[in-house]
1. All but one of (1) among the charged types (D, E, K, R); (2) crowded, with 21+ Cβ neighbours inside 10 Å; (3) over 29 Å from MET896 (Cβ atoms) hold for ASP339, so report the exception by its number.
2. Listed residues GLY754, GLY739; which is surrounded by fewer than 19 Cβ atoms within 10 Å (Cβ to Cβ) and among the small types (Gly, Ala, Ser)?
3. Got a number for residues in the range 391-427 being open to solvent by less than 50 Å² (accessible area, probe 1.4 Å), of a type in the set (A, V, I, L, M, F, W, C) and without any contact (Cβ under 8 Å) to a residue 60 or more places away in the chain?
4. Do you know which of the residues in the range 721-757 that are over 21 Å from GLU640 (Cβ atoms) and in contact with a Phe, Trp or Tyr (Cβ under 7 Å, 6 or more places away or on another chain) is modelled with the lowest pLDDT?
5. For the range 754-836, give me every one of the strands (runs of 3 or more DSSP E) that falls completely inside it and has 3 or more residues that are over 34 Å from the mean Cα position of the chain (by Cα) and of a type outside the set (Asp, Glu).
6. Of all residues in the range 230-275 being over 27 Å from LEU312 (Cβ atoms) and among the polar types (S, T, N, Q), which is modelled with the lowest pLDDT?
7. Could you identify the single residue in ILE720, ILE748 that is of a type in the set (Val, Ile, Thr), closer than 18 Å to ALA635 by Cα and assigned to a strand (DSSP E or B)?
8. Being more than 30 Å from ASP239 (Cβ to Cβ) and assigned to a loop (DSSP other than H, G, I, E, B) is the requirement here; does VAL92 meet it?
Amino acid sequence: MGNFPIAAERPFRNAPIIEVEPGKPHAIRVYYKKQLQELEFLAKSMNYPDDGEPTIHKLKYDAVAKLISAFDGKREIQRYGRHPQYENISSVRSAILTFLPGVCEIENMHKALLDYESNSDHENCWYILPLHSQITNEEQNCVFQPMSSLAPHLRHFRKIILSTNIAESSLTVPDVTYIIDFCLIKELITDPDTNLSTLKLEWAPKSSCVQRRGRVGRVDEGVVCRMISEFFYDNFLQDYVTPEILRCPLERSVLRSKLLDLGSPVSLLALVIDPPRLDNIAQTILTLKEMGALFVKANGVVTPLDGDLSYLSRVVSCLPIDVHLGKLVMLGYVFNILDECIIMAAGLSSKNIFTSPYQKKLLAYQVKMAWAEGSFSDPITILNAYQVYKNYVYEDHFKRSGESEIMREQRWDDENFIQLKALKDMDLLVKEIKQRLSSIGIEEAIGPNITPLTESQKAMLLHVVLYGAFYPNYFTRDAVSGQIDEREAVKSLCGLDPFRTVRLQGFPIYEPHKAYVRQILNNMSEIFNMLKEDTWNAKITFDSQRVFIQFHQEVNTSQHKQVPGRICLPVYLAVKQKQLGWNYTLQLLERMVAEKYTSQVEESAKRLLNVRDVESVVSSVSSRRELPYVLQIPAPRLPELHEKKLTVSVCYVEEPNHFWCHRLEERSKRDYIDITKLIGPQGSYLEKLDFSVPVHKGKLVLSAQHYGPTTDRRVRLYFIDFGNVVEDYIKNLRVVPEGLLKFPPLAIECYLTGVGPSLIKDPKGKWTKSAKEWFEERTVDQRLTARVFSVVNGITTMDLITEGGNWDYPISSQMLALKYAVRVKESLMNKQDNEHRQYAPKVEPNSSMSRYNQQKLDEQRFVAAEFLAMEQEIKEPKHYNARLHKLQGPYSPLEMTMFGKMHALLGKFLKIEDDSVNSVMLDDQPGDNHERVLVAAHIGYRSTCNRVIAHSTTLLPNIPGLPAILTLLFAPRAEFRANTNRNCLTGAICGLGYD
């Protein structure tokens with residue numbers, strides 16, 4: 001067993017030597033494509049492309065699905081007999097382990113199995129489990145769980161494991177009898193032309209195939225099906241995998257060779273068993289010089305194959321992280337945000353702390369957007385989640401009574417799509433980095449002379465250091481390439497608001513449109529459920545083969561605060577659905593059935609516009625459904641075309657450019673007096689609500705003041721006469737008198753024209769507390785004059801002046817002068833409405849022209865009535881034996897396209913990793929032609945499709961000139977360009993300063 005010292009030198013007794021006889025493995029049968037066809041497991045006519053380029057054709061996925069189905073009829077039923085309840089399956093069903101090269105191929109195989117199952121003549125009863133590095137520990141444990149331990153209705157299912165090479169070695173699933181091997185693998189290689197890392201699809205070496213074969217035959221006999229020909233396996237597959245040093249990045253290897261001081265990296269690396277290529281070493285040295293780890297010169301001489309070590313490289317070499325992440329830590333030290341940068345570096349170096357379960361990818365994306373808090377940055381998202389977790393641990397949040405600490409942590413993880421084990425591993429790495437930095441004297445700067453950073457300053461600096469650490473992994477959208485034309489965006493949506501609308505394509509010609517509104521909304525049910533929205537919060541319109549879905553945000557809902565700017569969150573989620581391969585499927589109806597259903601809905605909607613009819617419908621159903629209040633009362637009185645100026649008073653401020661106000665003319669005053677009379681002092685005339693009837697969302701109630709303590713359940717109330725949202729006790733709710741239903745809401749929703757939050761003050765696009773306080777002090781409960789700019793989608797955009805003020809210096813100009821706000825362009829729809837107001841002929845107050853906006857609100861009420869009719873009165877036609885029709889989309893005209901700035905990235909398409917917060921990038925300032933920049937911590941390359949994959953990305957705030965300033969700040973050298981008169985700089989070329 002080994003050599004031991006003599007007895008005199010050994011203080012203890014001799015180590016025992018144990019001999020173990022090798023056990024005899026069970027029989028393993030290996031089949032190739034031709035043999036499977038001869039045994040009729042595969043059809044002889046199924047000739048999918050193979051034995052050439054390493055790829056998986058769709059026919060091969062279909063072939064594997066049919067092969068798995070054949071295991072019952074061709075093998076197991078003959079051996080074990082039929083299942084007593086299911087004729088087409090065996091009484092004993094062994095598990096199947098399928099080896100695929102990557103996550104994308106696993107998802108394709110999963111889809112092929114589901115499609116085969118849905119189109120099969122009988123139920124196959126498959127229990128499909130993915131197995132790869134991105135799933136949670138709980139999902140990995142399901143792989144080892146025997147089927148007998150599952151619920152009774154699942155025990156007869158066949159377990160099918162779709163795995164990457166994570167299950168290739170050191171992993172045995174006891175109930176696996178079958179191995180299906182595509183004989184493919186993804187290897188990390190470095191492209192010699194671009195020096196970008198890429199996972200390249202290659203044929204697996206024989207050593208890997210032998211390892212996969214060893215996953216069966218340990219506890220029972222096994223069957224291995226290799227989906228290639230035996231001739232190709234024997235003659236074309238390599239024996240062993242290519243050594244990593246020949247195909248992987250060499251940054252750390254080059255730095256270690258420099259630290260040894262035994263000559264140039266080329267001469268030292270030439271001594272290894274498999275020396276890397278010279279051009280790979282040269283590209284690596286160039287990368288290290290660009291990031292500042294090596295100087296341009298080596299011993300005073302400029303050379304492309306060597307360079308002197310910088311202080312940065314000496315520090316980075318001490319850290320257990322990537323070179324670029326080490327630079328991120330050093331920049332954090334320079335800008336006094338060391339702790340935050342250590343956390344981000346540890347998070348990017350560890351396993352992903354966020355989960356994205358296969359069936360909950362859309363919800364996982366929405367939760368991750370919430371973690372990002374408007375930063376549009378994956379590293380900052382990791383930072384936010386880590387800091388919240390550490391605060392909970394510090395406050396003993398998981399140790400409170402009622403539940404065990406483990407259960408509390410697990411519930412928190414599940415709700416927030418976080419992997420606790422990965423988060424704890426990341427925490428250990430954070431501590432190790434801090435310890436190593438402390439050993440060389442690098443710690444967070446503290447002391448009386450250090451001014452603490454504000455939250456907004458820290459948020460800006462986080463974007464700055466991420467930009468500097470990952471230079472030059474930049475992608476841009478500028479006025480030359482990728483610019484979105486807002487006019488074209490509105491035109492593509494037939495004049496609808498692009499910030500709230502998505503488009504579907506491929507609606508069948510000649511089909512009645514309204515007959516399919518309910519089905520389209522059902523396809524979006526997951527979005528509405530996630531945001532706790534109802535179907536009447538989306539308006540469906542049609543234009544030939546195009547379908548437009550326009551979202552209507554609820555007032556003051558916290559869900560919509562996850563994304564700053566003008567684009568509402570449902571638009572992001574709808575576009576994400578398209579990326580996830582969501583199918584918008586319609587079950588086509590017979591033409592006469594569809595037309596009859598459409599006419600019934602329209603007739604019912606007209607009747608439901610009567611308030612009493614609405615109440616009768618709602619009270620007639622067994623379970624009271626949610627009723628939109630817009631059907632119970634008249635629409636608010638918005639400024640019409642002839643109303644250029646109004647006297648108003650602000651009643652509630654959500655943000656300085658988003659508020660609610662009261663009109664102060666005679667009619668509104670009369671309405672207020674009449675409402676007060678009907679209510680009585682403190683609601684004394686009002687009838688108490690019947691608490692035995694459930695209070696449903698959308699119910700119109702009154703809230704009366706209540707004095708004294710109470711332990712009643714609380715409800716969330718939106719005050720239509722003031723615009724604010726509060727929580728109140730159910731005991732305080734009162735029935736709305738019928739006389740109040742004739743009055744419209746007194747508050748109108750408003751935007752302040754031409755201003756937005758300063759991204760310099762807060763890079764997340766949020767208003768500062770001081771700006772809101774300043775605005776409230778000058779507007780709330782004050783008599784103001786409003787100049788109407790536009791009225792679009794029920795929202796009035798206006799500017800304000802105080803009593804005695806003048807229009808040369810309105811509220812918006814004052815906020816700009818005080819740096820509370822920045823100037824922003826109005827949307828195209830606002831501009832068009834403003835032009836309509838400016839150039840429309842003078843109209844009479846009560847003419848049809850003057851009631852233009854009121855007519856728009858009436859249209860919205862009719863749409864809400866149609867939805868209510870579909871929901872509660874008119875039953876949707878059955879879809880028995882109906883044809884299926886798939887729509888394409890959803891699409892948004894605001895989707896941004898980015899282009900690489902490095903020479904190696906020119907002409908290549910950009911794709912952002914699927915689980916990134918920037919996987920959906922929409923431009924909320926399409927009229928702004930300033931440069932937008934995306935920074936990637938890591939860039940991969942797919943040569944087969946000429947596509948660049950950006951990982952761990954950060955979208956910089958839209959501050960004019962910021963990308964140019966930061967590039968000049970972090971570039972090793974810059975060569976400026978000037979105009980012909982040489983009195984103005986026009987640009988710069990940034991880099992190392994030599995070829």
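1. (2)
2. Numbers: GLY754 fails: surrounded by fewer than 19 Cβ atoms within 10 Å (Cβ to Cβ).
Residue meeting the stated conditions: GLY739.
3. The first filter runs over the range 391-427 and keeps only residues open to solvent by less than 50 Å² (accessible area, probe 1.4 Å), leaving 397-398, 408-409, 412-413, 416-420, 422-423, 426-427.
In the following step, the residues that additionally are of a type in the set (A, V, I, L, M, F, W, C) were identified as 398, 412, 417-418, 420, 422-423, 426.
Still in the list and also without any contact (Cβ under 8 Å) to a residue 60 or more places away in the chain: 398, 412, 420.
Number of matching residues: 3.
4. As a first pass, look at the range 721-757 and keep what is over 21 Å from GLU640 (Cβ atoms): 722, 724-741, 754-757.
Restricting the remaining residues to those that are in contact with a Phe, Trp or Tyr (Cβ under 7 Å, 6 or more places away or on another chain) gives 722, 724-725, 730, 757.
Working: PHE722: 85, ASN724: 81, VAL725: 77, ILE730: 73, PRO757: 89.
My answer is ILE730.
5. On the way: elements: 755-757, 784-792, 795-802, 821-823.
Correct list: 784-792, 795-802.
6. Only one residue fits best here, namely THR242.
7. Working: ILE720 fails: assigned to a strand (DSSP E or B).
The unique qualifying residue is ILE748.
8. On the way: more than 30 Å from ASP239 (Cβ to Cβ): yes; assigned to a loop (DSSP other than H, G, I, E, B): yes.
For VAL92, the condition - more than 30 Å from ASP239 (Cβ to Cβ) and assigned to a loop (DSSP other than H, G, I, E, B) - is met.
The values are calculated or read from the model by the stated rules, or taken from the named source; none is laboratory data. A quick note: this is a predicted structure, and the numbers were derived from the prediction, not measured. Cβ sites come from the backbone with ideal geometry, for glycine too, and all protein chains shown count toward neighbours. Ligands, DNA and RNA are stripped out before the accessible areas are found, and what is left, the full protein with its side chains, is counted by its heavy atoms. Shrake-Rupley method; radii C 1.70, N 1.55, O 1.52, S 1.80 Å.
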